[in-house]
Amino acid sequence: MNARTFYDLMKSTHESFTYIAGPCAVESEDQVLSTAAFLSSLGIPILRGGAFKPRTSPDTFQGMGEAGLKLLARAREETGMLVVTEAMDVDHLELVSQYADIIQIGSRNSQNFELLKRVGRIDKPVLLKRGFGNTLDEFVNSARYVSNEGNQRIILVERGIRTFEQSTRFTLDISAVPVLRERVGFPVIVDPSHPAGKARYVKPLSMAATAAGASGLMIEVHPEPSKAKSDSEQQLNFKQFEELKNEVDVILNATGRTILRFQEA
Ligand code: PEP
Ligand code: MN
């Protein structure tokens, strides 16, 4: 199944639920292929991983670029998973879209209107993250920049916003789930990893998002989080991810949700 068909399945019912998981950044062949093999063994249909990374400091790892995209393509070939990866710039869009099944637009580019318009002319699903300083009205307008150009396959991602609270990296806005579901027909998923900032907070935020009606979760998973080149404190190891999935699955099963699996991808 290609990404367009998978997206249509995601959208066809609010009862469906999709897990997206993988490392913050693609770092090496071994890292990405072992993560993909583990996730596909759990039936996870979509692999995430950044090849172009929007880092706060210019002195930190910026991503592997095209070499990283090639590793994601290998992971797809070996596992059959669909791949989502970020395009940070209009200049990279063509390259990224040659490799990605789903194109990610990150929080920092959520109001990069030229990039949104350009991705709106590509016939691949778009995973659009909420700008961490944006209201939900602004977020909906960002999605309209994409859909107005023709591309209606949009996944909205709540990933936390800046508030006065400093105990977590960002404040996960759970209200975004019901509010966005009321306002748009697109699937609304939650990234609990970036607001958590710490691995131990990722599971409770995932449970809350699922109970609130999110159409899926996007979670950072790394074979050895302490060695990760970015976001090492918030990435889950394989065992932690499996435990999280088992607990979230209990909520999904109790509420009659359909978990979209690898076989459908
Ligand atoms: C990411 O998901 O890779 C990422 C950089 O997140 P955000 O754009 O939400 O900060
Ligand atoms: Mn990250």
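Here are the numbers for the structure shown:
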item	result
Distance in nm between pseudo-label sites at residue 237 and residue 94 (7 Å out along the Cβ direction from Cα)	4.4
For the chain, built as a Gaussian network whose Cα springs stay under 10 Å, the top-fluctuating residue of 54, 23, 187	54
Distance from segment 72-136 to segment 241-260 (C-alpha centre basis), Å	27
Nearby aspartates and glutamates by direct alpha-carbon distance to residue 70 (threshold 19 angstrom, same-chain neighbours under 8 apart not counted)	27, 29, 30, 78, 86, 89, 91, 94, 101
Spin-label pair residue 28/residue 250, simplified geometry with 7 Å Cα→Cβ offset, distance in nm	3.6
Rounded percent of accessible protein surface that carbon and sulfur make up, segment 171-259, 1.4 Å probe	52
Length gained when the stretch residue 8-residue 167 is fully extended (0.36 nm per residue, less Cα-Cα span)	53.5 nm
Carbon + sulfur, % of accessible area of segment 1-155 - ligands and nucleic acids excluded, 1.4 Å	45
Theoretical gain in end-to-end length, residue 56 to residue 1 [0.36 nm per residue, Cα-Cα removed]	16.2 nm
Residues of the chain: accessible area per residue with a 1.4 Å probe, Å²	41
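The values are calculated or read from the model by the stated rules, or taken from the named source; none is laboratory data. All figures in this text were calculated on a predicted structure; none of them were measured in a lab. Ideal geometry is used to build each Cβ from the backbone, glycine not excepted, and the neighbour counts take in all protein chains shown. Just the protein is used for accessible areas: all its heavy atoms, side chains included, with ligands, DNA and RNA removed. Shrake-Rupley method; radii C 1.70, N 1.55, O 1.52, S 1.80 Å.
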